[in-house]
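Asker: Just dropping this structure here.
Every number in this text was worked out from the coordinates using simple rules, so none of it is lab data. Please read all numbers here as calculations on a predicted model, not as lab measurements. Here the Cβ positions follow ideal geometry from the backbone for every residue, glycine too, while neighbour counts run over all protein chains shown.
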Amino acid sequence: MKFLYCFDKNYNFQGITSINSLISSSMSKLSIYIIHEDPDSIRKSIIDINKNNFHEIKIYKFKKQSFEFPRVKGTNVSEATYYRLFISEYLPEDIDFITYIDADILCIKSPIDEISKTINLMKKNNLSISATTESVGRQEDISRLNLKQEKYFNAGVLVINFQSWNKKYKKNEFIYNLNKIKEKILWWDQDVLNYTYDGEYFELGNLLNYQIEINNNFDTKKIDEEVIFLHYLGNTKPWSFSGLENNYSKYYQTYFRKISGKKYHLVSKNLKQDFFKFIKLLIFDFKNIEYKFAFIQISLKTLFLNFIKKISNKINK
């Protein structure tokens with residue numbers, strides 16, 4: 001079974017963790033394709049998690065595009081979110097079906113059977129893409145993108161009929177639509193894909209794209225026993241200081257430990273907020289921190305590196 005990832009070095013740890021979770025949860029041999037802006041930055045990590053060469057893993061370097069991607073400058077999102085619009089330039093043409101997975105998704109249990117069922121039903125219903133509906137009748141998306149139907153899907157997990165996808169790419173539909181709605185784009189290439197398919201997709205079961213956010217309730221028992229792909233939505237991720245204090249981070253941190261040997265993966269984007277969050281964790285939640293010394297050590301190092309980065313940016317200005 002074939003899987004696809006698209007990310008850049010800002011998401012190296014997250015992408016490798018996701019791939020490791022996919023491999024760990026699947027007994028079958030997998031073909032995994034990665035489109036990346038700097039393949040050398042992840043090549044050793046890929047070799048390490050596939051040391052027995054059981055799986056086929058190929059990494060492609062993304063070619064710089066001549067135009068500017070909408071809503072990237074001044075946001076926390078990089079142009080890598082648009083890479084999958086160009087996958088036809090990289091992947092083997094003879095691929096039949098492939099499953100795309102966001103780098104902020106963990107594989108909790110084997111997806112093989114459910115994806116196989118999905119592919120068979122897609123063939124039966126003659127639909128070329130499968131995704132999980134995010135909203136129905138949400139006017140802000142329907143009117144903004146001028147959709148003819150009322151469904152809008154989340155593009156974190158996509159089962160793709162690649163032959164059908166290639167036909168659209170060769171007709172230049174994805175790039176044409178990107179340029180057509182670029183002034184209206186809010187959710188990056190997800191908007192482009194929704195505009196392109198406009199409700200014509202097969203419903204992907206939510207166990208294959210189980211979406212959780214830090215402030216929303218989620219079913220721990222369901223995650224442990226039923227969920228296949230766990231998708232971390234929103235700006236607050238399990239590798240942030242805010243995310244770490246929430247029980248939902250344990251799934252990500254557990255898989256991260258398996259590949260890194262480190263106890264925590266922490267990223268600091270806002271030095272001041274993250275420092276106070278660190279102090280709060282020390283005072284109010286320290287008893288719930290599983291690896292206390294490692295948490296302090298890694299937190300201080302992460303904050304210090306962010307501080308040095310801020311100073312360096314000021315000097316360079």
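Asker: Pick from F241, F67, F278: which residue has the top mean-square fluctuation in a GNM of the chain where Cα pairs under 10 Å get a spring?
Answerer: Of F241, F67, F278, the most mobile in the Gaussian network model is F67.
Asker: If Lys and Arg each add +1 and Asp and Glu each add -1, what is the summed charge of the other residues whose beta carbon sits under 12 Å from the beta carbon of L244?
Answerer: Values: positive: K237, K250, K263, K277, K280; negative: E245, D274, D285, E290.
Taking every other residue near L244 into account, the sum is +1.
Asker: Further question on the same structure: Given N residues in the chain, what is Rg(Cα) / (2.2 N^0.38 Å)? If you can, show how the numbers build up before the last one.
Answerer: Numbers: Rg = 19.9 Å, N = 317, 2.2 N^0.38 = 19.6 Å.
Normalised by 2.2 N^0.38 Å, the Cα Rg of the chain equals 1.02.
Asker: Can you give the extra length, in nm with one decimal, that the chain gains between N288 and D38 once fully stretched, where that is 0.36 nm per residue apart less the Cα-Cα distance? List each step's numbers first, then the result.
Answerer: Numbers: separation 250, 0.36 × 250 = 90.00 nm, distance 3.74 nm.
The N288-D38 span can extend by a further 86.3 nm.
Asker: Quick check: the angle from helix 40-49's long axis to the longest principal axis of the chain, C-alpha only, nearest 10 degrees?
Answerer: 90
Asker: Taking only Cα atoms, what is the 0 to 90° angle, nearest 10, from helix 112-125's long axis to the longest principal axis of the chain?
Answerer: 30
Asker: Still on this model: To the nearest 10 degrees, how steep is helix 292-316 against the longest Cα principal axis of the chain, on a 0 to 90 scale?
Answerer: The angle comes out at about 70 degrees.
Asker: Now for a separate question. Among F307, F284, which comes first, second and so on when ranked by fewest other beta-carbon atoms within 10 Å?
Answerer: Details: F307 13, F284 10.
Fewest-to-most ranking of F307, F284: F284, F307.
Asker: Using the crude model of +1 on Lys and Arg Cβ and -1 on Asp and Glu Cβ, and no other charge, please compute the dipole size for segment 1-155 relative to its Cα centre, in debye to 20. Present the calculation step by step, with values, prior to reporting the outcome.
Answerer: On the way: 21 positive and 20 negative charges, 24 e Å.
For segment 1-155, the charge dipole is close to 120 debye.
Asker: Right, next: Strictly over 23 Å apart at the Cα level, which of K109/K237; K2/K269; K29/K51; K61/K170 would you flag in this model? Present the calculation step by step, with values, prior to reporting the outcome.
Answerer: Working: K109/K237 21 Å; K2/K269 34 Å; K29/K51 14 Å; K61/K170 20 Å.
From K109/K237; K2/K269; K29/K51; K61/K170, over 23 Å: K2/K269.
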